[in-house]
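Trainee: For reference, the structure I am asking about is given below.
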Amino acid sequence: MPTETVTLTADDGHKLEAFIARPEGEPKGGLIILQEIFGITDHIKDVAEGFAAEGYLAVAPAMFDRIESGIVLDYSDFDRAREAMGKLDLEQCVADMRAAADYARSAGKVGSVGFCWGGAMADLAACHGLVDAGVSYYGRMTVDWLDQEPTCPMLYHYGEVDELIPLQTVEKIQRSRKGKVYVWGAADHGFNCKDRPSYHKTAATQAMAVTLGFLGEYLDN
């Protein structure tokens with residue numbers, strides 16, 4: 001499917017790049033694909049292309065462009081990744097996600113799908129009314145704004161053996177959110193990513209099937 005990199009402009013004038021994957025035919029809807037703390041990696045591009053193959057216009061904004069253009073880190077470089085994440089301002093993140101959602105809305109209804117840090121951002125986008133449905137994969141930071149409420153249907157995926165997000169944290173999110181929460185047995189943090197040692201094929205496949213069904217229910221034109 002066709003791919004390209006475009007430049008988006010946020011409300012405050014900040015310009016950021018976005019990786020775009022387009023479906024071959026008429027799109028079912030639009031998606032913003034929200035990155036892990038490692039940037040717009042090959043994995044995130046693969047995810048965007050996968051959703052495009054399913055019929056969605058996929059827009060992956062480079063959220064780290066607020067810090068430095070083109071940051072892409074190895075999955076072993078946790079220190080630099082956390083340092084970059086720590087420099088981000090949530091209001092600016094919302095502005096960047098709004099720019100991506102506005103671009104994706106040319107395809108119809110828009111959903112957010114995020115992974116790790118991006119999983120929490122998918123929830124935050126929903127809390128700010130930017131999307132019509134949201135899917136959060138192993139997003140921990142959601143606990144930081146449980147006083148806010150998503151304005152659209154939400155779906156959450158977590159791994160049963162994720163030491164970064166213990167089950168007590170998942171249960172806290174589950175109590176505070178109306179969306180459906182799936183906890184995948186034997187799955188660790190990052191279970192959807194083939195480029196990480198924690199990849200869990202069964203959990204990833206089953207979670208994606210649930211995700212596509214959810215998106216089809218709430219987004220498809």
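Trainee: Please go through the stretch 29-41 and give me each residue that is closer than 17 Å to Phe64 by Cβ and either outside any loop (DSSP other than H, G, I, E, B) or among the β-branched types (Val, Ile, Thr) (or both), ordered by number.
Mentor: Ile32, Ile33, Leu34, Glu36, Ile37, Gly39, Ile40, Thr41
Trainee: I would also like to ask the following. Can you tell me which residue within the stretch 123-140, out of those that are in contact with a helix residue (DSSP H, G or I) (Cβ under 9 Å, 6 or more places away or on another chain) and among the hydrophobic types (A, V, I, L, M, F, W, C), is surrounded by the fewest Cβ atoms within 10 Å (Cβ to Cβ)?
Mentor: Cys127
Here's the yes/no breakdown for (1) more than 13 Å from the chain's Cα centre (by Cα); (2) farther than 16 Å from Gly111 by Cβ; (3) among the basic types (Lys, Arg); (4) assigned to a helix (DSSP H, G or I):
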| residue | (1), (2), (3), (4) |
| --- | --- |
| Gly13 | yes, yes, no, no |
| Leu16 | yes, yes, no, no |
| Ile20 | yes, no, no, no |
| Glu24 | yes, yes, no, no |
| Pro27 | yes, no, no, no |
| His43 | no, yes, no, yes |
| Val47 | no, no, no, yes |
| Phe51 | no, no, no, yes |
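Trainee: Then there is this: Consider the stretch 48-68. How many of its residues are farther than 15 Å from Leu8 by Cα and β-branched (Val, Ile, Thr)?
Mentor: Qualifying residue count for the region: 1.
Trainee: Cβ-Cβ below 7 Å, separation at least six or inter-chain, first residue in the stretch 31-46 and touching a residue at least 40 places away in the same chain (Cβ under 8 Å) and of a type outside the set (S, T, N, Q), second part of a helix (DSSP H, G or I) and surrounded by fewer than 23 Cβ atoms within 10 Å (Cβ to Cβ): which pairs?
Mentor: Ile37/Ala81; Ile37/Arg82; Ile37/Ala84; Ile37/Met85; Phe38/Ala81
Trainee: Quick check on my filter: what residues within the stretch 186-205 are without any contact (Cβ under 8 Å) to a residue 60 or more places away in the chain and surrounded by fewer than 16 Cβ atoms within 10 Å (Cβ to Cβ)?
Mentor: Ala186, Pro197, Lys201, Thr202, Thr205
Trainee: Say we look at the stretch 150-185 and pick out the residues that are of a type in the set (Asp, Glu) and out of contact with any Ser or Thr (no Cβ under 9 Å at 6 or more places or on another chain); which of these is surrounded by the fewest Cβ atoms within 10 Å (Cβ to Cβ)?
Mentor: Glu163
Trainee: Between a first residue in the stretch 88-116 that is farther than 22 Å from Tyr138 by Cα and a second residue that is surrounded by fewer than 20 Cβ atoms within 10 Å (Cβ to Cβ) and among the polar types (S, T, N, Q), which pairs have beta carbons less than 6 Å apart while being 6 or more apart in sequence or on different chains?
Mentor: From the stretch 88-116, the pairs are Gly108/Asn221.
Trainee: List the residue pairs whose Cβ atoms are under 7 Å apart, where the first residue sits in the stretch 57-79 and is more than 30 Å from Lys109 (Cα to Cα), the second is acidic (Asp, Glu) and part of a loop (DSSP other than H, G, I, E, B), and the two are 6 or more positions apart or on different chains.
Mentor: Pairs that qualify, where the first residue is more than 30 Å from Lys109 (Cα to Cα) and the partner is acidic (Asp, Glu) and part of a loop (DSSP other than H, G, I, E, B), are Tyr75/Asp195.
Trainee: Condition test on Cys116, is it within 23 Å of Ala53 (Cβ to Cβ), crowded, with 21+ Cβ neighbours inside 10 Å and out of contact with any helix residue (DSSP H, G or I) (no Cβ under 9 Å at 6 or more places or on another chain)?
Mentor: yes
Trainee: Kindly establish whether His14 is surrounded by fewer than 17 Cβ atoms within 10 Å (Cβ to Cβ), in contact (Cβ under 8 Å) with a residue 12 or more places away in the chain and over 16 Å from Asp220 (Cα atoms).
Mentor: yes
Trainee: Hey, could you check the stretch 206-221 for residues that are part of a loop (DSSP other than H, G, I, E, B) and either without any contact (Cβ under 8 Å) to a residue 60 or more places away in the chain or not charged (D, E, K, R) (or both) and say which is surrounded by the most Cβ atoms within 10 Å (Cβ to Cβ)?
Mentor: That would be Leu219.
Computed from the coordinates by the stated procedures, all read-outs in this text should not be read as laboratory data. All figures in this text were calculated on a predicted structure; none of them were measured in a lab. So basically every Cβ, Gly included, is an ideal-geometry build from the backbone, and we count neighbours across all protein chains shown.
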